[in-house]
Amino acid sequence: SEEIARISANYSFPFLYPESSFRWLLYIKRLKANLFYDLGYGENILKIQNGAINPFTGRFSSTGIEIYMDLHLFRIIFPLQAGFRYSYLITEKSHDVELLFSVNTSIF
């Protein structure tokens, strides 16, 4: 887009500390959630619809939740984070679900 303005709000919090182990296979440390809302306004945003590029000027917004699990798999020392993100694009009236996965290899 030629010009865009955006504001967003996030609220992250842990909601469960199961500290559960399933033999040597899996150790679940913590469950966390992140609630979010994004609002933006753009001018001349190029959107692809039905194979055609259409310019769009106006407001767009989305909201959703992310659920994460901090865990250790197969007794590997590096912590893993796995979860999913559900988002609702309010202006498009569409839903989206994504799987999330990260590895923290920081030793310090």
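The values are calculated or read from the model by the stated rules, or taken from the named source; none is laboratory data. Only a predicted model underlies this, so the values are computations on that prediction, with no experimental measurement involved. No Cβ is skipped: glycine too gets one built from the backbone with ideal geometry, and neighbour counts run over all protein chains shown. Heads up: the accessible areas ignore ligands, DNA and RNA and are worked out on the full protein's heavy atoms, side chains in. Shrake-Rupley method; radii C 1.70, N 1.55, O 1.52, S 1.80 Å.
Things worth noting here:
- Element breakdown for the chain at a 1.4 angstrom probe: carbon and sulfur atoms account for 61% of the accessible area.
- With contacts taken as Cα pairs under 8 Å at a separation of at least 6 residues, the chain carries a relative contact order of 22 percent.
- Within the same chain, aspartates and glutamates fewer than 8 places from Lys47 are excluded, and of the rest, those with a Cα less than 15 Å from its Cα are Glu2, Glu3, Glu92.
- Residue-by-residue Karplus 3J(HN,Hα) for the stretch 74-82, coefficients 6.51, -1.76, 1.60, Hz, glycine and proline x: 6, 6, 6, 5, 6, x, 10, 10, 10
- For the residues Asp38, Asp96, a 1.4 Å probe over the protein chains yields an accessible-area ranking, largest first, of Asp96, Asp38.
- In a simple Cβ point-charge model (Lys, Arg +1; Asp, Glu -1; nothing else charged), the chain has a dipole of about 460 debye relative to its Cα centre.
- Placed amide H near Ile90: partners under 5 Å, 5+ positions off or other chain: Ser61, Ser62, Thr63
- Accessible area (Å², 1.4 Å probe, nearest 10) - Ile77: 140
- In order along the stretch 59-68, the phi-based Karplus estimate (6.51 cos²θ - 1.76 cosθ + 1.60, θ = phi - 60°) of 3J(HN,Hα) comes to 9, 9, 8, 8, 8, x, 9, 10, 10, 10 Hz; Gly and Pro are listed as x.
- Distance (nanometres) between label positions extended 7 Å along Cα→Cβ at Ala52 and His72: 5.8
- Scattering curve values for the chain, log₁₀ I(q)/I(0), Debye with Cα scatterers, q = 0.12 Å⁻¹: -0.60
- Net charge of Cβ neighbours under 15 Å - reference Glu43; Lys, Arg +1; Asp, Glu -1: +1
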